[in-house]
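The values are calculated or read from the model by the stated rules, or taken from the named source; none is laboratory data. Small disclaimer: the values here were computed from a predicted structure and weren't measured. Reconstructed Cβ throughout: ideal geometry from the backbone, glycine too, with neighbour counts over all protein chains shown. For the accessible areas, the whole protein counts, side chains as well, though only heavy atoms, and no ligand, DNA or RNA atoms are used. Shrake-Rupley method; radii C 1.70, N 1.55, O 1.52, S 1.80 Å.
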Amino acid sequence: MPAWLDLVVRVLIVIIVIFVAPLVIGQTEHKVMAHMQGRLGPMYAGAYHGWAQLVADAAKFIQKEDITPRAADRPVFKIAPVISMLPYMIVVLVIPLGPGGLVAQKLDIGLFFVLAVFGLGVIAVLMASWASANKFALMGGLRAAAQLLGYELPFVLAAASVAMAAGTLSLSGIVEAWRPWWLIWQLPALVVFFLAGLAEIRRTPFDMPIADSELVAGYLVEYTGLRYAFFMLAEYAGIFVISALTTVLFLGGWKGPFGLDTELGWLWTLIKIACVSFVVLWVRIAYPRLREDQLQRLCWLGLVPAALAQLVLTAGVKLAL
Amino acid sequence: MKGIGLAKGLAVTFKTMTRRSTTQQYPDVDPELPPRSRGVIAHIEENCTVCLLCARECPDWAITIESHKEEVIVPGAARARQRNVLDEFNIDFALCMYCGICVEVCPFGALHWSPEFEYAEYDLRDLVHSRDRLREWVMTVPPPPAHDRNGAGAKEEVVAEKALAAAAASAPSQVDACPNDGSGRI
């Protein structure tokens, strides 16, 4: 296969994944949330149990008028939804699905790259909030900035712990080095990483920047139609990416219980991602939103010390081995 | 223990997910309404004596009745009897507040609740149901629900049983109560 065709195929696959995975997760959320609340959820779109609800939603979003407020900073306002999607798309590039180079782009500093790109998320939110020229949007944006900068720290520290344990920054390398007993050794890091990841994608119970009951919709308040849909898509793509990263870093990626990792590795990865995504949805349904001060308190007084303690533990065990 | 509520929250939501949802798929599947549901009021003209009690008791003035008197000549009687004949019986369901006082007050069992509720109209005036419409609803009136096994029996049945027992005691005398009159209200 010529190099350019190889590249096109890989990029196409990434694009398909980043657009299909959020739809699958979104539809699952519709159904899981409904049943956890004793409802049925969408039942009409598509022939079977409303499976096409999000497709119908997309058709609706496309038809809506694309409104830009008069006071808005037009180019920034218009490009923000695209930027919000960008980090997740780039991160998917380096997430290994299976062993033997089953990854869109092999990268030796994969983890470093992922953490760096994830920082882009806050830029999109700040762009959207400031360009909207709306007080609710601005407050949402400031909350998001405070939250994202705060949670970046435990996020990175927890990831650093596993990188230290594996002795590599390559995501594939981390999966190679992973052993089942790491589940216990790295458990605090897993919890910290998962919670900080939820906060990074501004997912309930960390959705203070959007907080519909206080800020209407925070930085989303002026967006309509396709641009709004893009933000929603980014949120669900974020769930996919956080689940995938948790799987790769802490749950052993393609390593399954019966061997056969070379053949079924991709399946194990997908199953693990699905399970973690389910937990993300479950947490949203079970818990209410954290207040702003609780949110910061959890980060600085809970997650950061826990991540630092984990680092010490990792270093200690690593030296002892 | 602190934090146990977090686990409980997860457990409750997960348990709910594994149970069957109670949602009724209404337009596709008809709801199972209890027999005493207050859907619409049916009017049995044959039982109606145009006493106007329902129209007077109605707090919303939703019932309008028109009638006239007719003479019935009974052969051998000293003079002709008079009888009310119903001309119009309208219930305006736009005014009705479903209190059921008319049904309760009717001494002859002419008004009954039916659980049917799908009679929305595009025009407010079409919510006035006239005689023939009210007669159609009669077919949808369900039989009265069974009584509580441990509770007192229906008044009609109790009265009839008492009368039968009394008749059995004084053997040859006639029975006054009619045991078949189950639908009439006392």
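Residue count for the range A:61-79, restricted to those that are open to solvent by less than 70 Å² (accessible area, probe 1.4 Å) and polar (S, T, N, Q): 1. Residues in the range A:25-42: is at least one away from every other protein chain (no Cβ under 14 Å), in contact (Cβ under 8 Å) with a residue 60 or more places away in the chain and either out of contact with any His (no Cβ under 6 Å at 6 or more places or on another chain) or farther than 30 Å from residue B:11 by Cα (or both)? Yes.
Just one of the listed residues (A:265, A:238, A:252) is of a type in the set (Gly, Ala, Ser) and not in a helix (DSSP H, G or I), namely A:252.
Yes/no matrix, rows are residues, columns are (1) open to solvent by less than 40 Å² (accessible area, probe 1.4 Å); (2) more than 22 Å from residue A:236 (Cα to Cα); (3) polar (S, T, N, Q); (4) away from chain B (no Cβ under 14 Å):
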site	(1), (2), (3), (4)
A:45	yes, no, no, yes
A:49	no, no, no, no
A:59	no, no, no, yes
A:81	yes, no, no, yes
A:85	yes, no, no, yes
A:91	yes, no, no, yes
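Within the range B:8-38, the set of residues being open to solvent by 60 Å² or more (accessible area, probe 1.4 Å) and either among the basic types (Lys, Arg) or in contact (Cβ under 8 Å) with a residue 40 or more places away in the chain (or both) comprises B:8, B:15, B:19, B:20, B:33, B:34, B:36, B:38. Looking at the range A:140-148, is at least one residue surrounded by 22 or more Cβ atoms within 10 Å (Cβ to Cβ) and over 20 Å from the mean Cα position of the chain (by Cα)? No - not one qualifying residue is present in the range A:140-148. Here residue B:108 fulfils each of the conditions (1) touching a strand residue (DSSP E or B) at 6+ places or on another chain (Cβ under 9 Å); (2) touching a residue at least 12 places away in the same chain (Cβ under 8 Å) apart from (1). Taking the range B:1-119 and the strands (runs of 3 or more DSSP E) fully enclosed by it, the elements with 1 or more residues that are farther than 30 Å from residue A:34 by Cα, among the β-branched types (Val, Ile, Thr) and more than 14 Å from chain A (Cβ to nearest Cβ) are at B:40-43, B:63-72, B:81-92.
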